[in-house]
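The values are calculated or read from the model by the stated rules, or taken from the named source; none is laboratory data. Keep in mind the model is a prediction, meaning the values are calculated, not measured. Neighbour counts run over all protein chains shown; Cβ positions are idealised from the backbone, glycine included. Ligands, DNA and RNA are stripped out before the accessible areas are found, and what is left, the full protein with its side chains, is counted by its heavy atoms. Shrake-Rupley method; radii C 1.70, N 1.55, O 1.52, S 1.80 Å.
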Amino acid sequence: MTILIPYASLLASPWKNGGGSTTEIAISPPGAGLDTFDWRISLATIAASGPFSVFEGIDRTLALVDGPGVTLDIDGDGRFVLSEDEPVLEFAGEAQVAATVGARPTTDFNVMTRRARCAHQLGRRSLSGMSGFATRADLTVLFLAEGDSLEVSNDEQRFGMVRYDAVLFDGDASWTLEAGQATIFIVDIHFHED
């Protein structure tokens with residue numbers, strides 16, 4: 001089943017350390033906690049420097065959505081700058097990560113999958129006008145990262161999206177995307193066979 005997830009219907013949760021907030025977009029299974037999810041997609045605003053939470057057995061991808069970006073020190077092995085030049089970063093959830101933000105907060109798209117259950121890939125695509133889109137994973141999430149509006153349609157369904165809305169696609173299907181100017185993130189989630 002394909003569903004629209006309007007950003008306006010979601011609530012932000014402040015972090016315990018006061019350094020930011022997270023808006024959960026989708027999680028599976030529904031209602032799962034941070035220790036029990038198979039996959040989770042969220043939007044995080046980082047307002048202050050500090051450590052990231054540790055997630056054992058989780059693969060993570062961060063993608064810059066808004067703001068100047070953030071510098072991440074990962075396991076003391078390297079410093080990575082999430083910025084317009086390098087807008088996507090993958091790392092292990094069990095890594096020790098310290099974030100350094102500048103004068104302005106940064107907003108990042110966050111994908112997490114439990115390594116033992118599934119894997120994910122995140123792609124970025126710029127749109128102008130009309131184009132085709134075909135899902136190719138067990139589950140696909142399309143997120144409108146930039147742009148005022150996007151229309152997603154096929155012969156049976158039509159969704160109007162505004163910035164930060166998401167559409168969750170279950171299974172293979174072909175769609176038409178139409179936008180004046182937009183940037184979308186496409187998350188493909190593949191489940192491991194039991």
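A Cβ distance below 6 Å, combined with a sequence gap of six or more or placement on separate chains, defines the contacts here; from the range 55-80, residues that are without any contact (Cβ under 8 Å) to a residue 12 or more places away in the chain reach residues that are open to solvent by less than 10 Å² (accessible area, probe 1.4 Å) and assigned to a strand (DSSP E or B) in the pairs PHE80/LEU72.
For the range 31-46, the condition of being in the same structural domain as MET112 (by the TED database), touching a strand residue (DSSP E or B) at 6+ places or on another chain (Cβ under 6 Å) and without any contact (Cβ under 8 Å) to a residue 40 or more places away in the chain holds for none of the residues. Just to be sure before I move on: is PRO87 closer than 16 Å to ILE46 by Cβ, in contact (Cβ under 8 Å) with a residue 60 or more places away in the chain and either open to solvent by less than 70 Å² (accessible area, probe 1.4 Å) or in the same structural domain as THR140 (by the TED database) (or both) in the structure I sent? It is false that PRO87 is closer than 16 Å to ILE46 by Cβ, in contact (Cβ under 8 Å) with a residue 60 or more places away in the chain and either open to solvent by less than 70 Å² (accessible area, probe 1.4 Å) or in the same structural domain as THR140 (by the TED database) (or both). Only residues that are closer than 14 Å to PHE109 by Cβ and open to solvent by less than 70 Å² (accessible area, probe 1.4 Å) were counted in the range 1-11, giving 2.
The condition of being in contact with an Asp or Glu (Cβ under 9 Å, 6 or more places away or on another chain), surrounded by 19 or more Cβ atoms within 10 Å (Cβ to Cβ), more than 19 Å from ALA166 (Cα to Cα) and not polar (S, T, N, Q) holds for ALA99.
Would you check if ARG136 is modelled with pLDDT under 95, open to solvent by 70 Å² or more (accessible area, probe 1.4 Å) and charged (D, E, K, R)? Answer is yes for this residue. Counting the residues of the range 1-38 that are among the hydroxyl-bearing types (Ser, Thr, Tyr) and part of a helix (DSSP H, G or I) gives 2. The set of residues from the range 55-77 being assigned to a strand (DSSP E or B) and under 22 Å from THR183 (Cβ atoms) comprises ARG60, THR61, LEU62, ALA63, LEU64, VAL65, ASP66, VAL70, LEU72. Being closer than 18 Å to GLU94 by Cα and open to solvent by 70 Å² or more (accessible area, probe 1.4 Å) is the filter; apply it to the range 22-54 and report the residue that is modelled with the highest pLDDT. Ranking the candidates gives THR36 first. Quick one: is GLU94 more than 19 Å from LEU34 (Cβ to Cβ), open to solvent by 20 Å² or more (accessible area, probe 1.4 Å) and in contact with a Phe, Trp or Tyr (Cβ under 8 Å, 6 or more places away or on another chain)? The answer is no for GLU94. Taking (1) at pLDDT 95 or above; (2) open to solvent by less than 10 Å² (accessible area, probe 1.4 Å); (3) in the same structural domain as THR36 (by the TED database) in turn, THR107 satisfies each apart from (2).
When ILE46, ILE74 are checked against the criterion of being hydrophobic (A, V, I, L, M, F, W, C) and within 16 Å of the chain's Cα centre (by Cα), a single residue qualifies: ILE46.
Pairs linking a residue in the range 165-190 that is part of a loop (DSSP other than H, G, I, E, B) to a residue that is of a type in the set (S, T, N, Q) and open to solvent by 40 Å² or more (accessible area, probe 1.4 Å), with Cβ atoms under 9 Å and 6 or more positions apart or on different chains, are ALA173/ASN154.
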